[in-house]
1. Taking the Cα centre as origin and putting +1 on Lys and Arg beta-carbons and -1 on Asp and Glu beta-carbons, what dipole magnitude results for the range 1-101, to the nearest 20 debye?
2. In degrees from 0 to 90, rounded to the nearest 10, what is the angle of the helix 178-191 Cα long axis to the longest principal axis of the chain?
3. Determine ³J(HN,Hα), in whole Hz, for all residues of the range 70-84 in sequence, where each value follows from phi through the Karplus function 6.51 cos²θ - 1.76 cosθ + 1.60 and θ = phi - 60°; x replaces Gly and Pro.
4. Once you have the alpha carbon radius of gyration of the range 244-294, what is it after dividing by 2.2 N^0.38 Å, with N set to its residue count?
5. Which of the cysteines in the chain are isolated, no other cysteine C-beta under 4.7 Å?
6. Using only the heavy atoms of the protein chains and a 1.4 Å probe, how would Lys282, Lys2 rank by accessible area, largest first?
7. Determine, from the Cβ-Cβ distance of Arg80 and Glu18 and an R0 of 35 Å, the FRET efficiency 1/(1 + (r/R0)^6), rounded to the nearest 0.05.
8. If you roll a 1.4 Å probe over the heavy atoms of the protein chains, what accessible area per residue do you get for the chain, in Å²?
Amino acid sequence: MKTIIDKLYKYNCLEKEEIIYLLKNLDENSREYLINKAYSTRLKSYGKTVFLRGLIEVTNFCTKTCLYCGIRAENTNADRYRLTKEEIISSCENGYNLGYKTFVLQGGEDPFFTDEFLVELITEIKYKFPECAVTLSLGEKSYESYKKLYDAGADRYLLRHETANPKLYSSLHPKMSFENRITCLKNLKKIGYQVGAGFLIGLPNQTIEDLAMDLLFLKNLKPHMVGIGPFIPQKDTPLRNEKAGDSYTTITLLSVIRLLLPDVLLPATTALGTIDSTGREKAFKAGANVIMPNLSPFECRAKYSLYDGKVFTDNESAEEKRKIEEKIKNAGFEPVMVRGDNITWKRI
């Protein structure tokens, strides 16, 4: 096992069979060795810094019906909202006053947010806060739409591939195309974005072989960011009674991703913090180096319910930031309020 981990550490790659063997046969000693190697790689690329991004959940309307998601179109119990341009700008101003240099605009696939609306919004954000990065996470769009938003000033785009197994993807995403998902990611890279992909851990019917496919997909895509997190059931979805993913596997996979992609930006996700109160601190020691506190208007946070039990919905932005920074420092890391671009990326 140590030989496989050493190969991964030295060459940043493994064959599929080696990844499967690794995931199936890790014992506590070899897992600790893996995490230590990931930590060492993290230090070489980014030191002990943890980049803070300000998350703004702009809408919980969505046209899609993904089986695991609490804001799916068919959830009639969702308390829907969408922020106005003024509310989004106000959230950015609040974040800027707190020191944030990246704003992450996340939402469901909401037709209200047209290209025209988003171009105007991005242009105003970049005008008011020219030194700040704008990250979008608004789902699948055409090449032309992505290009318009990039030309308006958007720097990054997050689009999880969710799973690299086309069959599993289709079973969880009715009326959606796995091929189109992958095309979107390739288009984003071609345009010049810092691109984020990622997957869920612990999905019903997911196998270790599927996870190996996810890891190899990421190695081949070479995204600038990777967001992974445990599947957590939401009470108003078809998967409400399924078993959740676990912290142990999530942290193990964070280590593998750090070793496969040494320069990647790797968040310690809110979902991980939801299932494990110390999960995000463990994630930093396993290679993660990004965290995204919430800047959304306080009254909207509980409504953006992708899964049940989301942490930090009861704290105002300043208080949440203070608590997160304290936890980062207590874990032995340095919270930083800079753009925090991927060290390999330059805007085209």
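1. Details: 17 positive and 13 negative charges, 73 e Å.
The calculation lands at about 360 debye.
2. In the chain, helix 178-191 runs at an angle near 80 degrees to the longest axis.
3. Rounded to whole hertz, the list is x, 9, 4, 4, 7, 7, 6, 8, 5, 8, 6, 8, 9, 7, 7.
4. Numbers: Rg = 10.2 Å, N = 51, 2.2 N^0.38 = 9.8 Å.
The range 244-294 yields a ratio of 1.04.
5. Singleton cysteines: Cys13, Cys62, Cys92, Cys132, Cys184, Cys300.
6. Ranking Lys282, Lys2 by accessible area, largest first, yields Lys2, Lys282.
7. Details: r = 46 Å, r/R0 = 1.32.
After rounding to 0.05, the efficiency reads 0.15.
8. For the chain, the per-residue accessible area is 41 Å².
The values are calculated or read from the model by the stated rules, or taken from the named source; none is laboratory data. Nothing here was measured: the structure is a model prediction, and the numbers come from that model. Here the Cβ is made from the backbone with ideal geometry for all residues, glycine too, and neighbour counts use every protein chain on show. All accessible areas refer to the heavy atoms of the entire protein, side chains included, with ligands and DNA or RNA removed. Shrake-Rupley method; radii C 1.70, N 1.55, O 1.52, S 1.80 Å.
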